[in-house]
Amino acid sequence: MEITLTAIKADIGSIGGHLAPSKAILNRVKETIGAEKSNLILDHFIGHTGDDIAILLVHDRGEGSEAVHRLAWDAFQAGTAVAKEQGLYGAGQDLLKDAFSGNVRGLGPAVAEMSFTERENEPFLLFTADKTEPGAYNLPLYLAFADPMYNPGLLLSPTVGKGFTFTVMDVSHTEGDRVIELSTPEEAYDLAALLRDNGRFVVESIHSRADGEQAASCCTTRLRNIAGKYVGKDDPIMLVRTQKTFPATGEVLAPFEIGHLVAGFMRGSHTGPLMPVKEGTGVSFFDGPPIVSCLAFSLHNGKLTEPVDAFDHPYWDWVRDNIARKAHDIRAQGFSGPAMLPYADLEYGGITERMGKLAERFHCR
Ligand code: 13P
Ligand code: 13P
Ligand code: MG
Ligand code: MG
């Protein structure tokens, strides 16, 4: 059976600033999706990471299905109505357009989709991150799919060892989708040269070179490019199929122990380490740190098992302690140097205005 996984994520309002959605809006989103009785979807899951709600839909309508996207859009609209009733902060924040126009891409929510013929057993991972940008997945994906230091399967498994093809998007190109395909191991250095720039080049998908099957799908939305101005970070969502010709689940998870420094954090304008957290975790310290959660599912005949929370394990408690230290270390230098993002990536216009005024007062001696 050809199945499509559609994962859509949006911030439609949160309690106490940008911390976490209310139970009432989560429930309204769940009720709206749960009320769908027309056989449009085969199964679904709804959760939250930080202030973003993620909707996972399993169906057989293919990618970009208008009916499926409309269902998610309607659920976010229904949740936004409750957010407004409750006076939540940023009610409807990521729904940038008033009307649905066939597909949620370009309307604000983050989307990751993947279609495939179900394997006999179909393990996959749903990643959702808050207070960061889509390029935050670049390094973990590179290490999990192209580096034998993190993925011993590249050495041990003849199929995984055939390598992978990465499709990378230039997200600063707003006139259309500017993409490139690069295959590892041969083009690993070219790939690294692009992926070092998380704000510009983002992994969109990864395919196995052993069987051509799609392993990963990541969102490439940049809200800034949609709205033309700051409306929140692009808090990204990602789907990864694991095992057999793909990396093992543990190989995909392993690079998240680094807590690599990403863009986001307070006001979407700082640098902070990406902390792997349990699903349903809010944010706190300095509107952060940037967080990522991962739910593991198995899929069979279009039905999901209950999720296993991949970062809910004593090992990750130790990782989180280390990453908290890293967050503390970079925060200690406040606005200085790499702690705050460079001008082009600052999500607020205030500093540009300030610099404009100061420019008038500069004089050459
Ligand atoms: P099991 O023997 O527990 O199935 O594990 C196989 C494996 O390769 C884990 O990475
Ligand atoms: P969100 O994009 O998660 O809403 O965060 C915005 C922000 O400015 C946090 O400080
Ligand atoms: Mg928010
Ligand atoms: Mg958010």
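The values are calculated or read from the model by the stated rules, or taken from the named source; none is laboratory data. Not measured: the values here are computed from a predicted model. Cβ placement follows ideal geometry from the backbone for every residue including glycine, while neighbour counts extend to all protein chains displayed. Surface areas here come from the heavy atoms of the whole protein model, side chains and all, with no ligands, DNA or RNA. Shrake-Rupley method; radii C 1.70, N 1.55, O 1.52, S 1.80 Å.
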Query raised in the report: Given the residues Arg325, Arg331, which is the only one that is touching a helix residue (DSSP H, G or I) at 6+ places or on another chain (Cβ under 8 Å), charged (D, E, K, R) and open to solvent by 20 Å² or more (accessible area, probe 1.4 Å)?
Result: Arg331
Query - the stretch 220-241 - residue that is in a loop (DSSP other than H, G, I, E, B), within 16 Å of ligand 4 (Cβ to nearest atom) and modelled with pLDDT under 95 and, of those, most open to solvent (accessible area, probe 1.4 Å) - result: Tyr230
**Report entry** Sole exception among (1) open to solvent by less than 70 Å² (accessible area, probe 1.4 Å); (2) in a helix (DSSP H, G or I) for Asn27, by number
**Finding:** (1)
**Report entry** So Lys84, is it of a type in the set (Lys, Arg), within 16 Å of ligand 3 (Cβ to nearest atom) and surrounded by fewer than 20 Cβ atoms within 10 Å (Cβ to Cβ)
**Finding:** yes
Query raised in the report: Can you find a residue in the stretch 296-319 that is surrounded by 13 or more Cβ atoms within 10 Å (Cβ to Cβ) and within 16 Å of ligand 2 (Cβ to nearest atom)?
Result: no
Report task. Scan the stretch 99-126 and report the pairs whose first residue is at positive phi and whose second residue is part of a loop (DSSP other than H, G, I, E, B), with Cβ atoms within less than 6 Å and a gap of 6+ or a chain change. Result -> Gly108/Asp94; Gly108/Leu95; Gly108/Leu96
Query raised in the report: Just to be sure, is Asn198 within 19 Å of Phe246 (Cβ to Cβ), open to solvent by less than 60 Å² (accessible area, probe 1.4 Å) and part of a loop (DSSP other than H, G, I, E, B)?
Result: no
Query raised in the report: So which pairs qualify, if the first residue must be in the stretch 1-19 and in a loop (DSSP other than H, G, I, E, B), the second must be of a type in the set (A, V, I, L, M) and at pLDDT below 95, the Cβ gap must be under 9 Å, and the two must be at least 6 apart or on different chains?
Result: Ile12/Leu95
Query - Leading residue by the ranking (least open to solvent (accessible area, probe 1.4 Å)) among those in the stretch 242-270 that are farther than 20 Å from Cys294 by Cβ and assigned to a helix (DSSP H, G or I) - result: Gly268
